[in-house]
1. Give 625, 561 a once-over and let me know the one that is modelled with pLDDT of 95 or more and assigned by TED's automatic domain parsing to the domain that holds residue 510.
2. Six or more apart or on different chains, Cβ under 7 Å: which pairs go from a residue in region 185-198 that's closer than 22 Å to residue 126 by Cα to one that's hydrophobic (A, V, I, L, M, F, W, C) and in a helix (DSSP H, G or I)? Could you list them?
3. Quick one: count up the residues across region 542-571 that are in contact with a Cys (Cβ under 6 Å, 6 or more places away or on another chain) and not aromatic (Phe, Trp, Tyr).
4. Could you grab me the full set of residues in region 126-154 that are of a type outside the set (A, V, I, L, M) and assigned to a loop (DSSP other than H, G, I, E, B)?
5. Residues that are in contact (Cβ under 8 Å) with a residue 12 or more places away in the chain and of a type outside the set (A, V, I, L, M): which strands (runs of 3 or more DSSP E) entirely in region 4-118 hold 2 or more of them?
6. Considering every residue within region 512-535, establish whether at least one is surrounded by fewer than 20 Cβ atoms within 10 Å (Cβ to Cβ), within 30 Å of residue 615 (Cβ to Cβ) and of a type in the set (Ser, Thr, Tyr).
7. Within region 74-133, which residues are among the β-branched types (Val, Ile, Thr) and over 34 Å from the mean Cα position of the chain (by Cα)?
Amino acid sequence: MINSLKTIAFFGCSLTSRYREGLCRSFNNSAKKRGMNIVYFNSLGKIGENNTEFGDCELDLIDYIDLEQFDGIIYDGEGYNVEGTADQVIEKLRHAKCPIVSISSHVDGFTNIDFEDASGIRKIVEHLIDVHKKTKIGFMSGFLGHPDAQLRLKEFRTVMKERGLPEDGVGIFEGDFWFHKGKEAAEYFLSRPERPEAIVCANDYMAISLISAFRLRGIKVPEDIAVSGYDGSMDGQQYLPHITTATREREDIAEKALSILEKLNNNEPDDIDHTVYPKIIFTHSCGCKKLDYRAEFSNLDEVFKDVRRFGYCLNDTEAAMLKLNKVETLDQLTPAFTECATNFGKYSTFIFFMQTDENGKLSCSNDFTSPTANFKPVVWIDEKNKYIKQEEFEKKPSLIPETNSDVPHFYYIMCSFCAEKMFGYALIEMENDDIFNDFYNIFLLNLSVTIERLWKNDNIKSLYENQKALYEKQKQLSIHDELTGMLNRRGFDDFSKKAISSLEGKSVVCTMVIDMDGLKHINDIYGHSEGDIAIKAAAHIITKCCNSNEIAGRAGGDEFYIYVSDYSQEKLDKFNHDLVRYCEEYNAESGKPYKIEMSYGSYMCETDGSGSIENFLKISDSRMYTQKMSKPNRKKRD
């Protein structure tokens, strides 16, 4: 187990977005007060704006999460930005036995946090009418198919109708909940028959984009047109003018969600109000406050610090890419991480776990087969020695290492994947209660690319070794006789010529030509298969005689060649004696109706590296033939 404290799992996507970064901070603060651990399972989701990318294997890790080890689950479904992924996570969570609280979208069967967004829209519209006396009001919606957009638009229309104003005000424009539609929205509202006095936007991002588009057209906010947003983003409060907005109180969300889980775990009645009420911020963009540029200096200083910090972090990221590109083995990952992991916040623990197969092979190995629930740490950085290092993790609780520390821990787990497969997962624990920034995501992607390269290099290496082995096999086949396994004529020529050309100074060399006697008779009487047996027997006998570094080969048919350097008459005599003796022993023991007999001729001389092996063999062949002809009852030479 992690420790003796209650442990909550948090499933979400894009946790480093500005809203969810603050959400994690709020949950950590609330969990710390209650003595709880939180394990965040974070997904990247879509990467990029114009050319969106998504890792198909990113959610593969979810199959290996043991939900039974958790005392409660927080589900933040609104963050999942790839179609189908939220459904996949929900399906996994439905198997959990612990209570689940959904904090951003309604899920049947879960305990849900509800947002009273309608009251926020109502208060903003009423404020514009009652305080600022605006009657010509437009509405910039999000995607009209989105539930939040539908609810906020509905409440806008309700308030306008209650106040005796046109239900759609001076016009409804469908935006995108992002920054892309500000120009179109400005053109739409400025072209209306009645020019708006105020525009209510369904979120802060659209309000920012609209005000920016107005500014380019010389329209002042709020002097000419008042603008409001929604959601209470940090961007909206840093932008000039600051955006009048209604905020979803993240501290309230965290407190209520963890309180509900605490009640349910203790089998106490859930008497907590599940509704989160918005807090209204009336500020510059509606005209409630005047811009005090002196007061904005500190804000601008922080913005400039963030810009400078971003530049430094970007440089560190570039350096990390180059460093990781030099990694050639898994052992080099730890020093690379230690050196490069400098730009996403202070961490106390980082562990990278790689998946293994049933044979213990790592997922970056070319011979990795079927994945298992076992994970092996390949990077282990534990600066405060809080964890018990294990060689392998087999279905450990929450995929977390064991610790003896009974203080709340906040872990962030992300899948390591490439386009084709999941490699494992990374676990990080920050030194404070905050979350890392986006540069950690970039670092993990670079780390995954590095591991993918190691995997592909291992495949290439394996392919090269297989090809090399195949080449060596083909090479051996090309220089060896298929029937006997001895060198063939080509192999004999290669080895003997190399041996003679490598002589340093004078040396006594010897060549021999050996020919079987009576092979034609064996073939004619007993068949060619028996003839092949006789040839193999002769080859075995000749090879057995070669115990002084002789090079022997089958020249073809029933003829064999031998070459040897640094020879002597004594060695030659022994070779000839052994050849006769081994033939006699074979004939006595084989039970064959024929005998293995051989004729041989040799030539021994002193030569250097310029000697001609062909000339030496001709002399040996002539002497062999003379011996064959001199034998009594000789048969015609085959």
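The values are calculated or read from the model by the stated rules, or taken from the named source; none is laboratory data. As the structure is a computational prediction, the values presented were derived from the model and not from experiment. A quick note on method: Cβ atoms are made from the backbone with ideal geometry, for glycine too, and the neighbour counts reach across all protein chains shown.
1. 561
2. From residues that are closer than 22 Å to residue 126 by Cα, the pairs are 196/189; 198/128.
3. The number of residues fulfilling the criteria is 2.
4. Scanning region 126-154 gives 132, 133, 134, 135, 136, 142, 143, 145, 146.
5. In region 4-118, the matching strands (runs of 3 or more DSSP E) lie at 6-13, 36-43, 72-75.
6. Within region 512-535, none of the residues are surrounded by fewer than 20 Cβ atoms within 10 Å (Cβ to Cβ), within 30 Å of residue 615 (Cβ to Cβ) and of a type in the set (Ser, Thr, Tyr).
7. 111, 113, 121, 124, 125, 129, 131
Let's see how each residue does on (1) in the same structural domain as residue 261 (by TED's automatic domain parsing); (2) among the aliphatic types (A, V, I, L, M):
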position	(1), (2)
24	no, no
36	no, yes
55	no, no
68	no, no
71	no, no
74	no, yes
106	no, no
132	yes, no
